[in-house]
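Taken together, the values in this text are just the output of simple stated rules run on the coordinates, not laboratory data. Quick caveat, the model's predicted, so the values are computed rather than measured. With ideal geometry, Cβ positions are generated from the backbone for all residues, glycine too; neighbour counts draw on all protein chains shown.
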Amino acid sequence: MKKVSAVGVLLAAMLVVPVSAAGPMFHDVPSSHWAYSYIQDMAQQGIVAGTGSGLFQPESSVSTAEFSTMLCSGFYHDEHHQQGHGGAWWQSYTQTMLSEGILDGTKVGSYYHQHGAWDKTTVEAAISRYDMAQMMFQLLSAQGVSMPNEQQRQEAREQIADYDQIPQQYRTAVECMYSLGCITGKDGSFCGNDSMKRAEACVVLTQLQEQLGQSGGQQSSNTQQSEVTQEDQIAQWEQEVFDLVNEIRVENGLKEFVYNETLAQTARAHSEDMMERGFFSHQNPDGESSSDRITAAGINWTQTAENIAAGYKSPEAVVEGWMNSPGHKANILGSCEEMGVGLAISQDSSDIYKYYWTQNFATIQ
């Protein structure tokens, strides 16, 4: 029987980043934008908003006023509600941040403590990466999140090429936020005087949520325990994707896929390879296609297909993303009989995707 691979036909359709079922919320943030999923998520939660006329302006700088508003919306909603709302539009937000200690050590906070009043120009100016790191550090500390130990901070110092240029008052915040992966560098340097863009702010807001959600106010210092937990999470999420896909097939009057561990191992190896070698493609840097990898695993197939995705933070999200893409949906509802799922989760704080997913499908002779 002639062998047929779906990958060549569907390659362009498969190379996607996370998409929302509702489609893009902003005209200037298409689904191909690197920060699309972060911006969509933060906007859907009401933590960030557009700038008018359906735009988000992802490359515009964030001011201290705007970042204070984002933090209040995401983490201090009740405290902000108790503040008065007189003065400039941002004053109740910055006042909340001041009262909670989040502005301590920042340019805006230092000015207020010295003069007893807000400096409008500074508040509305672009926030530096130094001050953003400082506010993030103060927020996580106030929420009871344990900071990295000295060894972890030393490792962060060694990774930051321009560490010696960081002012003393910002070093603790930069080290801790860098070590936790809440904020990353630029080509190996921190570049603390640069401003933070609106798209980047959505990423760091997501990182703050993950720190608070994962830790529940407590960070485990047991590395071995964290590794075991991640392995368990990967296994659980792979199974959830498999189950969700079979539910969809049953709803569409199709037979369920048969689980194939070899296909799962092949899928997992490809996810790990994409993560480790920094590419996102069905063809790896060695020129091997998905059908090549499946064949190399010892599977004698008559039909294969592959779905990949990056950046989706849950089984439900990645399956929804695939089902909203015609090429991926065709594979899920296709005629292959067996399937395996592979997930890799990056620990690299500079990896904007973090989650790498692969589905391998096959009909076996």
Classify the range 241-365 as rounded, prolate or oblate, taking a ≥ b ≥ c as the square roots of the eigenvalues of its Cα gyration tensor: rounded when a/c is under 1.5, otherwise prolate if a/b is larger than b/c and oblate if not. oblate
Within the chain, count lysine pairs with alpha carbon atoms under 30 angstrom apart where the residues are 8 or more positions apart or belong to different chains. 19
Taking every other residue with Cβ under 10 Å from the Cβ of residue 361 and scoring Lys and Arg +1, Asp and Glu -1, one gets -3
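Decide, for the range 292-365, between rounded, prolate and oblate: order the square roots of the alpha carbon gyration tensor eigenvalues as a ≥ b ≥ c, take rounded if a/c falls under 1.5, and otherwise choose prolate if a/b is larger than b/c, else oblate.
Details: a/c = 3.09, a/b = 1.52, b/c = 2.03.
Oblate, because a/c is 1.5 or more while a/b does not exceed b/c.
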Run lengths n ≥ 4 of DSSP H only: what is the helix-derived mean residue ellipticity at 222 nm for the chain, with -39500 (n - 2.57) per run over all residues, to the nearest 500? -15000 deg cm²/dmol
If you take the beta carbon distance between residue 261 and residue 113 as r and set R0 to 56 Å, what does 1/(1 + (r/R0)^6) give as a FRET efficiency, to the nearest 0.05? 0.40
How many nm is it between the label spots at residue 296 and residue 155, if each spot is 7 Å from the Cα in line with the beta carbon? 2.9 nm
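If the chain between residue 165 and residue 209 were fully stretched, how many nm would it gain, using 0.36 nm times the residue separation less the Cα-Cα distance?
Working: separation 44, 0.36 × 44 = 15.84 nm, distance 2.92 nm.
Result: 12.9 nm gained on full extension.
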List the longest stretch of the chain that has no exposed loop site; here a site is one of the chymotrypsin sites (Phe, Trp or Tyr not before Pro) assigned by DSSP to anything other than H, G, I, E or B, with at most 16 other Cβ within 10 Å. 90-278
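Calculate, in nm to one decimal, what residue 59 and residue 281 gain on full extension: separation in residues at 0.36 nm each, minus their alpha carbon distance.
On the way: separation 222, 0.36 × 222 = 79.92 nm, distance 2.65 nm.
The residue 59-residue 281 span can extend by a further 77.3 nm.
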Per q in 0.09, 0.11, 0.13 1/Å, what log10 I(q)/I(0) does a Debye calculation on the alpha-carbon atoms of the chain return? -0.58, -0.82, -1.05
One finds the C-alpha centres of the range 348-365 and the range 37-52 to be spaced, in Å, by 26 Å
Given a Förster radius of 35 Å and the C-beta distance between residue 254 and residue 316 as r, what FRET efficiency does 1/(1 + (r/R0)^6) yield to the nearest 0.05? 0.95
